């Protein structure tokens, strides 16, 4: 199995010294894209959620993938009672069959203003 780590120039750059995408070539063909958790600026949860999905879409596009290639999504919310706000934005971006999903409440994220963080795994057949 081979992998590469990168920060595609076509997408917003990370807020720290880490790679945003791990591209994993699977034996026998196919590729997995593991994205680091993404946060975004915004005054409220909906704005942050929207920004996160825009970034995720850009990171996937840089690797020849789309939001339809997402097979797993993990969401970290600082207030689980606001899940419906996030879900409404998520439905705007993930319009096909929903991927596998985990959502958890956390006391805080690495940036005090961040209300949400989302990471995804996408699968490509070629």
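The values are calculated or read from the model by the stated rules, or taken from the named source; none is laboratory data. This structure is a prediction, so every number in the text was calculated from the model and none was measured. Backbone-built Cβ (ideal geometry, glycine too); neighbour counts: all protein chains shown.
For residue 24, the conditions (1) on the phi > 0 side of the Ramachandran plot; (2) free of Cβ contacts under 8 Å to residues at least 40 places away in the same chain are fulfilled apart from (1). The condition of being modelled with pLDDT of 95 or more, in a strand (DSSP E or B) and surrounded by fewer than 18 Cβ atoms within 10 Å (Cβ to Cβ) holds for only one of 71, 54, that being 71. Selection of segment 1-29 for residues being part of a loop (DSSP other than H, G, I, E, B) and within 19 Å of residue 61 (Cβ to Cβ) yields 7, 8, 9, 10, 11, 12, 13, 14, 19, 20.
If only residues of segment 81-117 that are assigned to a strand (DSSP E or B) and in contact (Cβ under 8 Å) with a residue 40 or more places away in the chain are counted, the one that is surrounded by the most Cβ atoms within 10 Å (Cβ to Cβ) is 116.
Quick grid of which residues meet (1) farther than 24 Å from residue 110 by Cβ; (2) in contact with a helix residue (DSSP H, G or I) (Cβ under 7 Å, 6 or more places away or on another chain):
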position: 9; (1), (2): no, no
position: 21; (1), (2): no, yes
position: 38; (1), (2): no, yes
position: 42; (1), (2): no, yes
position: 63; (1), (2): yes, no
position: 70; (1), (2): no, no
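Here residue 120 passes the criteria (1) surrounded by 17 or more Cβ atoms within 10 Å (Cβ to Cβ); (2) in a loop (DSSP other than H, G, I, E, B) except the one numbered (2). Checking each residue in segment 10-43 for being loosely packed, with under 12 Cβ neighbours inside 10 Å and either within 20 Å of residue 67 (Cβ to Cβ) or touching a strand residue (DSSP E or B) at 6+ places or on another chain (Cβ under 8 Å) (or both) picks out only 10.
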